[in-house]
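Below is one structure; the comments refer to it alone.
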Amino acid sequence: MEEVERAERPRAADERTTLAGFLQFHRDTLALKCEGLTAEQLGRKAVPPSELSLLGLVRHLADVERGWFRNVIAGEGVPLRGGTGSARSMGFDVEETEVAEAEVEEAFAVWREECERSRAIVAAAESLDVIGVHRTGPVSLRYVLAHMIEEYARHNGHADLLRELIDGTTGE
């Protein structure tokens with residue numbers, strides 16, 4: 001994995017720049033939590049009986065990016081890769097805990113690709129008032145950005161605890 005540099009959070013910017021900047025900060029934080037770990041460590045379910053792992057979080061958030069930006073806002077209708085998005089789909093079966101290096105690289109490549117597509121959708125949107133269709137009803141791009149910040153912030157809290165259990169690293 002490449003070395004992670006976190007984006008600065010905008011302190012005096014317009015609404016789109018602020019929301020997109022905070023979301024990127026949280027994406028970078030997740031990458032930072034995973035930096036320097038082996039495939040085995042990334043796939044480790046660190047808090048039994050939970051199925052949660054750092055690699056599971058990366059896979060889950062790739063689907064969250066895909067679902068909210070590509071499907072809801074852009075209307076692409078692409079299938080999710082890893083399941084329903086539930087906590088269960090973030091983990092691994094026993095057979096998958098020994099994650100091969102290629103699988104780790106693929107998971108991160110998919111996540112980075114989905115993040116890039118999401119950034120492009122946000123950049124191309126006419127305004128934050130663009131409306132997408134979610135199963136619960138219409139939602140604005142503004143709502144999706146705020147929700148994604150919430151989603152990453154919650155999972156970065158999980159990532160903090162998982163990383164500390166794996167190798168004692170705290171902070172950031």
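If I stretch the segment between Ala153 and Glu126 completely, what's the gain in nm (0.36 nm per residue apart, minus their alpha carbon distance), one decimal? Provide the component values of the computation, followed by the final result.
Working: separation 27, 0.36 × 27 = 9.72 nm, distance 2.64 nm.
Full extension of this stretch gives 7.1 nm more.
Could you pull out which residues in segment 103-128 have an amide N less than 20 Å from a spot 7 Å beyond the Cα of Thr17, following the Cα-Cβ vector?
119-128
Can you pull the one-decimal nm distance between simple spin-label points at Leu80 and Glu105, each 7 Å off the Cα toward Cβ?
The modelled label-to-label distance comes out at 2.8 nm.
Quote the charge dipole size of the chain about the Cα centre in Debye, to the nearest 20; the model charges only the Cβ of Lys and Arg (+1) and of Asp and Glu (-1).
Values: 20 positive and 32 negative charges, 155 e Å.
In debye, rounded to 20, the chain gives about 740.
Restricting things to alpha carbons, find the Rg to Rh ratio for the chain using the Kirkwood radius for Rh.
Using only Cα positions, Rg/Rh for the chain is 0.97.
Counting helices only, and only those DSSP H runs with n ≥ 4, report the 222 nm mean residue ellipticity of the chain as the sum of -39,500 (n - 2.57) divided by its residues, in deg cm²/dmol to the nearest 500.
For the chain, the value works out to -17500 deg cm²/dmol.
Tell me, what is the 1.4 Å probe accessible area of Trp68, in Å² to the nearest 10?
About 40 Å², ignoring ligands and nucleic acids.
What does the charge add up to near Glu172, with Lys and Arg as +1, Asp and Glu as -1, over the other residues with Cβ less than 15 Å from its Cβ?
Summing Lys/Arg as +1 and Asp/Glu as -1 gives -3.
Using the Kyte-Doolittle scale, which helices in the chain average at least -0.5 and also have C-alpha atoms spread 18 Å or more along the helix axis, with helices defined as whole DSSP H runs?
Correct list, ordered by number: 15-34, 101-124, 141-167.
The values are calculated or read from the model by the stated rules, or taken from the named source; none is laboratory data. The model shown is predicted, which means the values in this text are computed figures rather than measured ones. Note that we place each Cβ from the backbone using ideal geometry, even for glycine, and neighbour counts take in every protein chain shown. All accessible areas refer to the heavy atoms of the entire protein, side chains included, with ligands and DNA or RNA removed. Shrake-Rupley method; radii C 1.70, N 1.55, O 1.52, S 1.80 Å.
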